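The values are calculated or read from the model by the stated rules, or taken from the named source; none is laboratory data. All figures in this text were calculated on a predicted structure; none of them were measured in a lab. Here the Cβ positions follow ideal geometry from the backbone for every residue, glycine too, while neighbour counts run over all protein chains shown.
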C-alpha cells in the first residue's frame, strides 16, 4: 500500500514537472529555458528534477512526447468522423496542425520550439508523422486511389506549408479541405508516372 502511494506521488511529481516544463519552454524558448526555473515552477527541488531527467534535452523530449500524444488524439478524433476519405483526411490533418498552432501561438519562441528537435524529441514527432502518413495512405487505398503513397506525400507536404503560412489556426481547415477536394477526391486522377508500386 505504501509503495502504491509512493508511486502515485512520483507520477504526480512527474506530471507537475512536465506541465511546468511545457510552460517554461513556451515562455522562454528551448535555449532560454533553465532547469532551475523548471524545478521552481514544478515546486520540486532541482535535485529531484535531475533524478527524473538528466538534462534539458530529456525534459524537452518528454514534453514533446506529451504534445505528440495530444496531436495524435486530435488527429484520430477527427479521422473518426464520417465522410469520404478525402474529407476525413483533411479534417484529421487540419486538427493536428490546428492543435499544434494553438499550442505554439502563445509563445514568442514558436519558431524556435517548432524547429528545436533534440534526438529524443525528434523521435516522437517522427513517429507521429509516420503514423499520420500510414493512416492517409490506408484511407486512400481503401477508397481505390491509384497512387496512395505518392498522393499522401504530396498532400502532407502541402499541408505542412499551409499550416506554416497560416496566420490563424482557423485558416488551416478550409485550406486543407480545398486542397484535399482537388488532390485526393478523385481516385482516377493520373499524375505523371512514378516508381511507386
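Taking region 40-56 only, how many residues are without any contact (Cβ under 8 Å) to a residue 12 or more places away in the chain and within 19 Å of residue 118 (Cβ to Cβ)? Total satisfying the criteria: 1. Considering only residues that are closer than 18 Å to residue 126 by Cα, modelled with pLDDT under 95 and buried (at least 17 other Cβ atoms within 10 Å of the Cβ), which ones fall in region 145-197? 163, the sole residue that qualifies.
The requirement of being at pLDDT 95 or above, within 28 Å of residue 132 (Cβ to Cβ), within 15 Å of the chain's Cα centre (by Cα) and surrounded by fewer than 17 Cβ atoms within 10 Å (Cβ to Cβ) is fulfilled nowhere in region 87-101; no residue meets it. For region 115-128, taking the residues that are modelled with pLDDT under 85 and exposed (fewer than 15 other Cβ atoms within 10 Å of the Cβ), the one that is nearest to residue 153 (Cα to Cα) is identified as 115.
Say whether the condition of being in contact with a helix residue (DSSP H, G or I) (Cβ under 7 Å, 6 or more places away or on another chain), surrounded by fewer than 17 Cβ atoms within 10 Å (Cβ to Cβ) and outside any helix (DSSP H, G or I) is met by at least one residue in region 129-139. No, there is no match, as no residue in region 129-139 is in contact with a helix residue (DSSP H, G or I) (Cβ under 7 Å, 6 or more places away or on another chain), surrounded by fewer than 17 Cβ atoms within 10 Å (Cβ to Cβ) and outside any helix (DSSP H, G or I).
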